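Accompanying notes for the structure given below.
The values are calculated or read from the model by the stated rules, or taken from the named source; none is laboratory data. Because the structure is a prediction, the values reported are computed rather than measured. So basically every Cβ, Gly included, is an ideal-geometry build from the backbone, and we count neighbours across all protein chains shown.
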Amino acid sequence: MSLSLPRMGDKYSPLYFLASLGAGGLTVTFFMYLMFWVPHPGQPVPVFEDLMAAFATGGPLMQATIAAAMAGIAVFAFLNIRYLVWNLRSYAAFAETDAFRALRQSNAETQILAMPLALAMSVNVGFILGLVFVPQLWTVVEYLFPMAILAFLAIGYLAFRQIGGFLGRVLVKGGGFSHKANNSYAQLLPAFALSMVGVGLAAPAAMSTTPLVAGISIIASTFFLAAALIYGAVALVLGVHAMMEHGAAEEAAPTLMVVIPILTVLGILMLRQEHGLHVHFGVEGAAGDTLAFLGSLLSVQVLFLMLGLLVLNGQDYARKYLSAGGKRSPGSYALVCPGVALSVMLHFFVNKGLVGAGIIAQFGAAYWGLTAIALGFQVAMIALVFWLNRLHFAPEAGARAIPAE
């Protein structure tokens, strides 16, 4: 791939922010290695000092795991930031075109919510980079939490401004929304963006030692949790109605699985809140409750995975949009999110659910058998990301890209 990314002009789509999002999600999958396999006494997440101590005292397998995780985090964090910067520049140029003005008058206006979604992910990626590569970060982390809350609130404000622009046009003026063209789950993108802001706001609840900061984190993240659930429920019903009447839109078919990453993000949000409520406010939670909660989320995710694969296979999506000779649709990057989300959710289900409830032993045969599924999703999504990047960002790809409907 060329070091310089192509200029797409009016062929650009805000859905290309999902290229940055997918790389950020893969950064998180590598952090799962460190989160659940490396001891980190004294704080809820591993930091640089924990990794160095484990590397110095661990065997070859532990050393290889830490090295692989750190390398994976570095590579995909770089891609996350690289594609974020490219998208911000491309979006600024695209905003001056007639194609952008047409997009703002259609159902596709909600595609611009991919921007705050990607921005929120990049803030999370930045925090992971700090934990993994910055010595003594934990000694100043309490000063960083208020800054992180302000950053996520600013991104949340941007998201609400964009949602308000869309809903204001549709609900006030009327006639600007086509139910026939809503035959996908593309309208769930705003709920996804609100969820990503919310999970970032919930991080201090799980990590801060200051009750005030944890309390603000819980309150702010609850607001975005509620907003995501309400918006998502409405969009889900509207999308089902349109798809049952008109069939699923071919190019937007990957959005049928967007519920999967939303549930993973909201699940982590609520686990973070639960930890903060327990540590600071005396709210007791049971391991069985966590197991049931994560098991329920995972069950719904598997159901939506089955639905999405059924439609994608029936429409021959892979041949049409993922092959070297097929069409180029930025919506293809939406396929990365479900696989990444399932990988992360499986790590939480195995470690916080099954191990936490005492059903299986950590690092036993059953543990590694289930974890292998999470690793399989991760490897598949790594391959998909690099393939999509080759299709869309090779020197000749810019001219062939087409914006999703």
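The residue that is nearest to V197 (Cα to Cα), counting only those in segment 244-260 that are in contact (Cβ under 8 Å) with a residue 60 or more places away in the chain and either of a type in the set (D, E) or surrounded by fewer than 18 Cβ atoms within 10 Å (Cβ to Cβ) (or both), is E251.
What about A77, is it surrounded by fewer than 22 Cβ atoms within 10 Å (Cβ to Cβ) and either in a helix (DSSP H, G or I) or touching a residue at least 12 places away in the same chain (Cβ under 8 Å) (or both)?
no
For the condition crowded, with 23+ Cβ neighbours inside 10 Å and within 17 Å of L201 (Cβ to Cβ), A114 does not qualify. Report yes if T29 is more than 30 Å from N182 (Cβ to Cβ), in a helix (DSSP H, G or I) and polar (S, T, N, Q), otherwise no. Here the answer is yes, as T29 does meet what is asked. Within segment 270-287, can one find any residue that is in contact with a Lys or Arg (Cβ under 9 Å, 6 or more places away or on another chain), buried (at least 18 other Cβ atoms within 10 Å of the Cβ) and within 19 Å of N183 (Cβ to Cβ)? No: zero hits.
Collect the residues in segment 45-68 that are closer than 19 Å to M207 by Cβ and either among the hydrophobic types (A, V, I, L, M, F, W, C) or exposed (fewer than 14 other Cβ atoms within 10 Å of the Cβ) (or both), keeping them in residue-number order.
Hits for segment 45-68 are V45, V47, F48, L51.
The residue of segment 321-371 that is surrounded by the fewest Cβ atoms within 10 Å (Cβ to Cβ), among those that are charged (D, E, K, R) and at pLDDT below 95, is K327.
Here's the yes/no breakdown for (1) in contact with a Ser or Thr (Cβ under 9 Å, 6 or more places away or on another chain); (2) closer than 25 Å to L171 by Cα:
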{"residue": "H241", "(1), (2)": "no, yes"}
{"residue": "E245", "(1), (2)": "no, yes"}
{"residue": "G276", "(1), (2)": "yes, no"}
{"residue": "A286", "(1), (2)": "no, no"}
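Of the candidates A181, A102, A120, the single residue that is surrounded by 14 or more Cβ atoms within 10 Å (Cβ to Cβ), at pLDDT below 95 and of a type in the set (A, V, I, L, M) is A181.
When you scan segment 292-316, how many residues do you find that are touching a residue at least 60 places away in the same chain (Cβ under 8 Å) and either outside any helix (DSSP H, G or I) or among the hydroxyl-bearing types (S, T, Y) (or both)? Looking only at that region, the number is 1. The set of residues in segment 208-228 that are of a type outside the set (S, T, N, Q) and either out of contact with any helix residue (DSSP H, G or I) (no Cβ under 9 Å at 6 or more places or on another chain) or surrounded by fewer than 17 Cβ atoms within 10 Å (Cβ to Cβ) (or both) comprises P211, L212, I219, F223, A226. Go through the residues of segment 391-398 one by one and say whether even a single one is modelled with pLDDT of 95 or more, surrounded by 13 or more Cβ atoms within 10 Å (Cβ to Cβ) and assigned to a helix (DSSP H, G or I). Within segment 391-398, none of the residues are modelled with pLDDT of 95 or more, surrounded by 13 or more Cβ atoms within 10 Å (Cβ to Cβ) and assigned to a helix (DSSP H, G or I).
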